[in-house]
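Scroll down for the structure; my scribbles are underneath it.
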Amino acid sequence: MRAAVLHEFGKPLVVEDLHCEDPRAGEVRVRLAASGVCRSDLHVLHGRSPVARLPMVLGHEGAGVVEAVGSGVAGLRVGDPVVIALYGPCGACADCRAGRIERCMGETRRNNMFGLMPDGSTRLSLGGRPVHPMVGAGTLAEATVVREAQAIAIPHGVPLDLACLAGCGVTTGVGAVLNVARVAAGSSVAVIGCGGVGLNVVQGARIAGAARIVAVDTQPGKLDLASDLGATDLVRVAADEPASRAILARVPGGVDTAFEVVGHPELVREALLSTRPGGMAVMVGAPPDGAQLAFEARQLFWDRALVGTVGGGNVPQRDIPRLMELHLRGRLDFAKLVSQRLPLARVNEAFGALEQGELARTLVVP
Ligand SMILES: NC(=O)c1ccc[n+]([C@@H]2O[C@H](COP(=O)([O-])OP(=O)(O)OC[C@H]3O[C@@H](n4cnc5c(N)ncnc54)[C@H](O)[C@@H]3O)[C@@H](O)[C@H]2O)c1
Ligand SMILES: [Zn+2]
Ligand SMILES: [Zn+2]
């Protein structure tokens with residue numbers, strides 16, 4: 001089966017034939033229909049992510065159809081449409097038992113983060129050498145083998161080349177609003193960075209009933225999309241322009257909740273500075289390794305909260321079906337998030353487009 005493999009940081013992906021084993025006990029093999037390309041893939045490509053283990057199949061925003069099941073798989077059957085979840089928790093630790101599976105740090109999860117099965121093996125190889133699927137997903141490929149816990153069944157009515165976005169961008173963005181910040185109806189929100197994830201923060205805020213949704217981006221095209229998806233105020237900034245000034249000009253005193261969805265620590269400070277006393281800033285963007293945050297301590301003193309989030313606090317088994325339901329009822333748009341579709345052979349163009357920044361999600365369709 002063909003997959004997009006990263007052999008060397010900063011170098012183009014190589015689309016090549018890998019050996020893909022049959023699923024073992026508790027695992028399923030999924031024939032992938034489509035995969036989004038997220039900025040977290042780009043962070044791995046450039047060696048800026050702690051989850052990289054080369055060689056690695058990138059991609060973690062995929063959907064497809066179960067084509068084989070290992071022994072003991074009870075919840076999935078061949079032919080089931082599934083979304084591949086962002087993480088594969090252990091299911092047994094205190095965090096998993098409390099339903100905070102994104103916080104799981106059990107050995108199973110730590111292996112999963114680096115593309116390994118619980119026993120440290122992989123199902124993918126090239127010339128006998130193991131190849132790691134990114135966060136256990138590795139969706140920029142024709143197929144992937146995951147543990148049953150990482151494949152979430154979805155209704156037949158949702159096109160797989162849209163549903164894939166629920167693997168990361170939609171669950172993270174909407175989850176940051178509903179699970180992490182618990183945005184209240186009638187409240188005010190600012191979203192700094194309206195790309196593949198930030199546009200879903202905008203949609204989540206609209207679903208939560210926020211009265212003001214201030215969308216901030218450097219790219220006018222992103223702001224047009226944000227407007228279509230529910231933003232009430234559009235702010236175009238230059239890359240070095242303080243977003244907080246523009247947000248405070250629109251919502252004097254500050255917003256209730258501000259989200260940073262780019263991955264730049266200085267914008268996390270801008271998000272915090274955009275909140276009112278008692279407000280909350282949520283860091284959704286993934287900061288580079290070793291990056292430091294700096295802001296005036298008195299900002300926090302005024303009852304403000306600053307929180308981070310992995311995957312928008314989503315519990316895939318709970319949240320992905322909910323997102324499908326919202327989509328089927330016309331309340332959550334997936335189609336507008338897709339700017340272009342490319343075949344796997346042109347996967348490097350998807351990364352080029354992401355780097356350039358003008359487009360929202362590119363889908364790679366094997
Ligand atoms: N917390 C998580 O679990 C999680 C999950 C997915 C992605 N991420 C991270 O979220 C971030 C966003 O990912 P994405 O896939 O949406 O990326 P993206 O490239 O699609 O979106 C980023 C957006 O930020 C805009 N931007 C860039 N500089 C800006 C600035 N100075 N001011 C305002 N806007 C600016 C870009 O124009 C773009 O629209 C990345 O850091 C990614 O790694 C985190
Ligand atoms: Zn992602
Ligand atoms: Zn656990």
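Give the accessible area for residue 222 in Å² (nearest 10); use a 1.4 Å probe, count only protein heavy atoms, and leave out ligands, DNA and RNA.
10
Multiply the residue separation of residue 238 and residue 291 by 0.36 nm, subtract the distance between their alpha-carbon atoms, and state the gained length in nm to one decimal.
Net length gain for the segment: 16.9 nm.
Could you give the angle, 0 to 90 degrees to the nearest 10, between helix 316-328's Cα long axis and the longest principal axis of the Cα atoms of the chain?
Around 70 degrees separate the two axes.
Is the C-alpha gyration tensor of region 22-154 telling us rounded, prolate or oblate? Criteria: a/c under 1.5 is rounded; beyond that, a/b larger than b/c is prolate, otherwise oblate.
rounded
Take peptides 150-158, 338-346 and line them up by average Cβ neighbours within 10 Å, highest first, as a rough protection proxy.
Sorting 150-158, 338-346 by mean packing, highest first, produces 150-158, 338-346.
Evaluate the distance, in nm, between pseudo-label points positioned 7 Å from the Cα of residue 331 and of residue 211 along their respective Cα→Cβ axes.
Calculated label separation equals 2.1 nm.
Can you give me the accessible area per residue for the chain, using a 1.4 Å probe, in Å²? Walk me through the numbers before you get to the answer.
Values: 14300 Å² over 366 residues.
Per-residue accessible area for the chain comes out at 39 Å².
Label residue 299 and residue 355 with points 7 Å out from Cα along Cα→Cβ: what is the distance between them in nm?
3.1
Could you order peptides 242-251, 84-93 by the average number of other Cβ atoms within 10 Å of their residues, highest first?
84-93, 242-251
Name the shape class, rounded, prolate or oblate, that the alpha-carbon gyration tensor gives for region 182-294, where a ≥ b ≥ c are the square roots of its eigenvalues, rounded holds for a/c under 1.5, and otherwise prolate holds if a/b is larger than b/c and oblate otherwise. Working shown, then result.
Details: a/c = 1.41, a/b = 1.20, b/c = 1.18.
Rounded, since a/c falls under 1.5.
Taking 7 Å along the Cα-to-C-beta vector as the label spot, tell me the residue 25-residue 71 distance in nanometres, rounded to one decimal.
0.7
The values are calculated or read from the model by the stated rules, or taken from the named source; none is laboratory data. Just so it is clear, the model here is predicted, and its values are computed rather than measured. All Cβ positions, glycine included, derive from the backbone under ideal geometry; neighbour counts span all protein chains shown. Surface areas here come from the heavy atoms of the whole protein model, side chains and all, with no ligands, DNA or RNA. Shrake-Rupley method; radii C 1.70, N 1.55, O 1.52, S 1.80 Å.
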